[in-house]
1. Only one of these is closer than 18 Å to Leu4 by Cα and crowded, with 16+ Cβ neighbours inside 10 Å: Arg106, Arg75. Name it.
2. Take the residues of segment 33-56 that are hydroxyl-bearing (Ser, Thr, Tyr) and at pLDDT below 95: which is nearest to Leu67 (Cα to Cα)?
3. Among (1) of a type in the set (D, E, K, R); (2) farther than 19 Å from Glu14 by Cβ; (3) not assigned by TED's automatic domain parsing to the domain that holds Glu27, there is one condition Lys96 misses while meeting the rest; what is its number?
4. From the list Met60, Met1, exactly one residue is in a strand (DSSP E or B) and either more than 17 Å from the chain's Cα centre (by Cα) or assigned by TED's automatic domain parsing to the domain that holds Trp144 (or both). Which is it?
5. Could you grab me the full set of residues in segment 5-41 that are farther than 20 Å from Asn117 by Cβ, charged (D, E, K, R) and assigned to a loop (DSSP other than H, G, I, E, B)?
6. Would you be able to say whether some residue in segment 112-121 is modelled with pLDDT under 95, surrounded by fewer than 17 Cβ atoms within 10 Å (Cβ to Cβ) and farther than 27 Å from Glu14 by Cβ?
7. Within segment 129-150, how many residues turn out to be in a helix (DSSP H, G or I) and either among the acidic types (Asp, Glu) or in contact (Cβ under 8 Å) with a residue 12 or more places away in the chain (or both)?
8. Restricting to segment 130-147, give me the number of residues that are closer than 30 Å to Trp72 by Cβ and either at pLDDT below 95 or surrounded by fewer than 19 Cβ atoms within 10 Å (Cβ to Cβ) (or both).
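The values are calculated or read from the model by the stated rules, or taken from the named source; none is laboratory data. Just so it is clear, the model here is predicted, and its values are computed rather than measured. Cβ: placed from backbone, ideal geometry, glycine included. Neighbour counts: every protein chain shown.
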Amino acid sequence: MNKLEVGFKRPFRESQLKWRKGHGNGELVYITARDVMDRLDQVCGIDGWTDEYDYIGGRMVCKISVLTKNMWISRCDGADDTNIEGAKGGLSDAFKRAAVKFGIGRYLYHPQAFNNNREPASWATPEGFDALMAEREEKEIEEWRKEYGI
């Protein structure tokens, strides 16, 4: 993996995760749009990403672009207005959905990322992710973290 991919795919701290009721008796884990903005700032710098919005077919569409290797790469996704925050919720949801296409928070959708007590699998924590990636690259964890700027 390159630095950008590692930075995007690295799990969030447990304290950043929020939970809400899902369909049926299930629960869904999520992060806030501000967490995504912070991750983009950390990985790309404040001048290394941008977002744009458009209203298409009755839904809000967000395009996030990141600067890498002197090129802008973009990902888009959309969301309907939400029942809780209306248009603001649609903006936030579209933004987070576009970020997932870069790998930000994508692990939250993995069915084995959390157990029934909301406890993350080892690989779904920053420390566990770092250890797994270092092992895969046959490096000591501190060497791996230094190489990827963590």
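1. Numbers: Arg106 fails: crowded, with 16+ Cβ neighbours inside 10 Å.
Criteria check complete, one pass: Arg75.
2. First, pick out the residues of segment 33-56 that are hydroxyl-bearing (Ser, Thr, Tyr): 50, 53, 55.
Next, from what is left, pick out any that are at pLDDT below 95: 53, 55.
Working: Tyr53: 18, Tyr55: 24 Å.
Result: Tyr53.
3. So Lys96 meets the others, but not (2).
4. On the way: Met1 fails: in a strand (DSSP E or B).
Met60 is the lone residue from the list that is in a strand (DSSP E or B) and either more than 17 Å from the chain's Cα centre (by Cα) or assigned by TED's automatic domain parsing to the domain that holds Trp144 (or both).
5. Correct list: Arg10 only.
6. no
7. Initially, segment 129-150 is screened for residues in a helix (DSSP H, G or I), giving 129-136, 141-147.
Subsequent filtering for residues that are either among the acidic types (Asp, Glu) or in contact (Cβ under 8 Å) with a residue 12 or more places away in the chain (or both) retains 129-130, 133, 135, 142-145, 147.
Residues flagged as in a helix (DSSP H, G or I) and either among the acidic types (Asp, Glu) or in contact (Cβ under 8 Å) with a residue 12 or more places away in the chain (or both) within segment 129-150 amount to 9.
8. At the first step, the residues of segment 130-147 found to be closer than 30 Å to Trp72 by Cβ are 130, 133, 136-137, 144-147.
Right, trim to either at pLDDT below 95 or surrounded by fewer than 19 Cβ atoms within 10 Å (Cβ to Cβ) (or both) and you get 136-137, 145-147.
Selection size over segment 130-147: 5.
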